[in-house]
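The values are calculated or read from the model by the stated rules, or taken from the named source; none is laboratory data. Note that the structure is a prediction, hence the values are computed from the model and not measured. Virtual Cβ from ideal backbone geometry, glycine too; neighbours counted across all protein chains shown. Areas reflect the complete protein model, heavy atoms only, side chains present, ligands, DNA and RNA absent. Shrake-Rupley method; radii C 1.70, N 1.55, O 1.52, S 1.80 Å.
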Amino acid sequence: MSSTFSGISTALNALMAQRAALTLTGQNIANANTVGYTRQRAELSAVSTSGRVGMMSGTTTDQNGGGVTISSIRRLADAFVDARQRDAHSRLAYADAQVGSLGQVESILAEPSENGLGHQLTEFWNSWQGVSNNPGSVPARQALLSKATTIVGTLQSGRAAVDAAYTDTRAQLDALTAQVNITAQGVAQLNDQIRQVGAGGNSPNELIDQRDQLVLQLSSMVGARSTPVSDGTVNVSVNGVGIVSGTRWSTLSVAGANTIDSQATNSLALTWSNGSNAALSGGTLAGVVDSLRSIYPDVAAGYDQVAGALASSVNALHSTAQDLDGNATGAFFTGTTAKSLAVALTDGRQVGAAKLVAGPTPTPTLDSSIADQIAQLATSSAGADTRWSSFVAATGVISAAAQNQVSVHSAISQQADANRASASGVSIDEEMSNMLMFQRAYEGAARVMTSVDEMLDTVINRMGQVGR
Amino acid sequence: MTGMRVTQASIAASSLANLQSSLARSARLQEQLSSGKVISKPSDSPTGTVTSLSLRAQITSTEQHARNAADGQAWLGTVDSTLQQVNSRLQRVRDLSLQAVSTGSSSSESRQAIATEITSLRGELMGLANTSYDGRPVFGGTTAATSAFDVTTYAFSGNSDPVNRRLDTRTTINVGADGAAVFGAGAASMFALLDQIASNAVSNPQAISGDITALDGRMSNVLKTLTDVGVRQNRVEAAMVNADNHGLSLKSTLSSVEDIDLPRTIMDIQLQSNTYQAALSAAAKVIQPSLMDFLR
């Protein structure tokens, strides 16, 4: 048979449970806009009376339960949705980093415009025709030299801008690496706290939210994946290499050239402190590394090829010519790369426009057949113009493809974020109706207690007073 | 999976994302409208960029070809008018020679006068043969010398190399004339012939008829060269007109590749702005109310 006072304790734990659930609703509402917060729910369960063996244990008056209790505070996260979100973010970050580098390259190319190298090359060839029209005119020859100097300047400054972009991005890589290491450390430390709080029987939900935020950041940076462990901690891996395991973490280190010219000999190397080679396939860091390994070196090589083609094609013809004073001419350009390219001539008279007249003494002529032949290099299939336009087009194609990747992955990433918000986000409407429910239940429990109290009042103060 | 659970935060996030993409489209159209260009960087259209680069190069080189042709025309014009004058001077020499031949009507004084005029015509012809354009003797080929003929020895200091002007990527045209072919050189030159006629007119009028035959040969050479120059002038003229037309058509092609379609872009930007405003007002309506507004 149950105690006379058991009704009070039932009402009391109902009051406590509803109040706790109401407090949790308050916590959800408070964090409705907290990034990474996962909504929580108090799991209420009815308390059964412990079964007793005895003569009266079977009577129906003794079948009542013992009230309600909060069995757990559940964190309403969906591991699959979270994993998809991490994956989407890592791909988006990768494409974003590439678009950033390619955008920079495109602005360096400055095509199509009147300031681009393509236009300057055409003007250079036209100046050769100007010299061809008037081979005796020193101003026409000087104009040609100044156009040549403009081209050299454009190639050099373009190449220097690529160099600077490389060096800046390399510095960015160092900063990102430091961030990765701090984040990995943060995940490991939170793992430790989560383990301790969980072992103490308390709810580590908020710590888990914080840690998952850090794991998401790691995914964005290096394409990390996480695997949950039963004690509430997670193990984080990048491309199969574990970088956080429980409370231990590995750090990433970067070695290699700071300049584009030394990257071929002193190549970029990324290693984890556990000795594994860091092969990255997603995240900002992978995009940055790919930019450093291929995009910038390819663009630099493109510049060098254009410079090389220009120098060798012009020089080949120019060395068969003679200058205004009848002296045999040599190279027009010195150097074979965008960086080393320079105009070899200092005076317009030295421009070789005429076919070389063989003989013991210089024979000046106003022939201009070589100048005309050089002007025709404009349409040469292996010439600088063709190389430049195919180089610009190739860069455009890569950049357009990367931009497409960004728009695709940002849509996927938005969808993943929406799915996460849908599974784990706080709905104010829902919390409002929960609040109503819990408040009403609390009121009801209080009413139960009042009525038990009135009942006891009847028993204690009013019974046994017959005839008084 | 049942219907997707929607929360205020997810509505806010997706509204914001939609507004963002709508605004990004507006910004892109705005950029096109203000720059007037569809292609502002290679990735906007890689193939369009290649076309644009090639068209720009063609336009600039066509302009250069037009300049080449104009320069060539000036050369040919100079050659043409000089040869016309040479021809009329030679005609005069021929008339005078015929007068000298008919000895009956010519006294020795008048033949002396004829000889003096022929000598002075020789001087004029020498001046014409050394005509220069822009500092270069037009009958000297590619010589670096300042004159084509020596005034005293009649030696030809030029050469027969062509003075070429490029009319298009495949064609060049010679805008000079071979001085040696027109005037002859040294003792065999037109000037030596005139000196001979002048001396024959004074001392040996009978020999002049042979000189006239030689003079006719020279005159026909001049006329031949004149015809040739005329033909070349026509070609250069045609090339100039061609270059202008070609340049115009290239420019309109470039414009169709690179430039925006103005009415269409304005239309697009209007539509885009409508979409944006609709999205804004929808977002404002959706986000505002919650259950809170209806609970006491």
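Could you list, in their original order, any pairs among A:147/B:251; A:147/A:355; A:147/A:339; A:355/B:251 whose Cα atoms are separated by more than 28 Å?
Values: A:147/B:251 24 Å; A:147/A:355 22 Å; A:147/A:339 18 Å; A:355/B:251 36 Å.
From the list (A:147/B:251; A:147/A:355; A:147/A:339; A:355/B:251), the Cα-Cα distance tops 28 Å for A:355/B:251.
Across peptide A:102-114, the mean count of Cβ atoms from other chains lying within 10 Å of each residue's own Cβ comes to 4. Remark: relative contact order (chain A) = 23 percent; criterion is Cα-Cα distance under 8 angstrom and separation of 6 or more residues. What separates the Cα centres of the stretch A:147-183 and the stretch A:301-352 is a distance of 28 Å. A 1.4 Å probe run over the protein chains yields, for chain B, 49 Å² of accessible area per residue, whole-number rounding. Chains A and B together bury some 3700 Å² of accessible area, summed over both sides, with a 1.4 Å probe.
In the stretch A:81-213, carbon and sulfur make up what percent of the accessible area (probe 1.4 Å)? Don't skip to the end; give the middle numbers.
Values: 2500 of 4820 Å².
Heavy-atom surface of the stretch A:81-213 belonging to carbon and sulfur, 1.4 Å probe: 52 percent.
Based on alpha carbons, the Rg and Dmax found for the stretch B:179-264 are 26.8, 90 Å.
Under 8 Å for C-alpha pairs, at least 6 residues apart: give me the relative contact order for the stretch A:177-248, rounded to a whole percent.
On the way: 95 pairs, mean separation 24.4, N = 72.
That works out to 34 percent.
Just so you know, the Rg over Rh for the stretch B:56-205 is 1.15, from Cα atoms, with Rh as the Kirkwood radius. When only alpha carbons are used to place a centre, the stretch B:72-119 and the stretch B:24-67 end up 62 Å from one another. Screening chain A for whole DSSP H helices of 30 Å or more along their axis (Cα) with average Kyte-Doolittle hydropathy at least -0.5 returns A:6-30, A:79-109, A:138-199, A:296-318, A:384-424, A:428-457. Derived scalar couplings between HN and Hα for the stretch A:226-233 equal 10, 10, x, 10, 4, 7, x, 7 Hz in order, rounded to whole Hz, by the Karplus curve 6.51 cos²θ - 1.76 cosθ + 1.60 (θ = phi - 60°), x for Gly and Pro. Would you mind getting the Kirkwood hydrodynamic radius of the stretch B:9-104 from its Cα pairs, rounded to one decimal in Å? One decimal place: 20.7 Å for the Kirkwood radius. Size descriptors for chain A, from the alpha-carbon set: Rg then Dmax equal 39.3, 158 Å. Against the criterion of solvent-accessible heavy-atom surface with a 1.4 angstrom probe, A:151, B:260 sort, most first, into B:260, A:151.
Amide hydrogen proximity for residue A:67: with H placed 1.01 Å from N in the peptide plane, the residues at 5 or more positions away or on another chain lying under 5 Å are A:47.
Can you work out the accessible area per residue across the stretch A:153-205, with the rest of the protein chains kept in place, probe 1.4 Å, in square angstrom?
Values: 2210 Å² over 53 residues.
Here the residues of the stretch A:153-205 average 42 Å² of exposed surface.
Surface calculation, 1.4 Å probe, protein heavy atoms: residue A:437 sits at approximately 110 Å² accessible.
So what is the relative contact order of chain B, in percent, for Cα pairs below 8 Å that sit 6 or more residues apart? Before the final figure, lay out the partial values.
Details: 345 pairs, mean separation 85.5, N = 296.
Once divided by the residue count of chain B, the mean separation gives 29 percent.
Share of carbon and sulfur in the accessible area of the stretch B:1-130 stands at 56%, probe radius 1.4 Å. With 20 Å² as the minimum drop in accessible area between chain alone and full protein complex (1.4 Å probe), the qualifying residues in the stretch B:141-161 are B:142, B:144. For the stretch A:293-420, with all protein chains in place and a probe radius of 1.4 Å, 58% of the accessible heavy-atom surface sits on carbon or sulfur. Mean residue ellipticity, 222 nm, helices only, chain A: the sum of -39500 (n - 2.57) across DSSP H runs of n ≥ 4, divided by residue count and rounded to 500, is -20000 deg cm²/dmol. Entry note, chain B: the mean residue ellipticity at 222 nm calculated from DSSP H runs of n ≥ 4, each adding -39500 (n - 2.57), is -24500 deg cm²/dmol after division by the residues and rounding to the nearest 500.
For the residues of A:130-136, the average number of beta carbons from a partner chain within 10 Å of their own beta carbon is 5.
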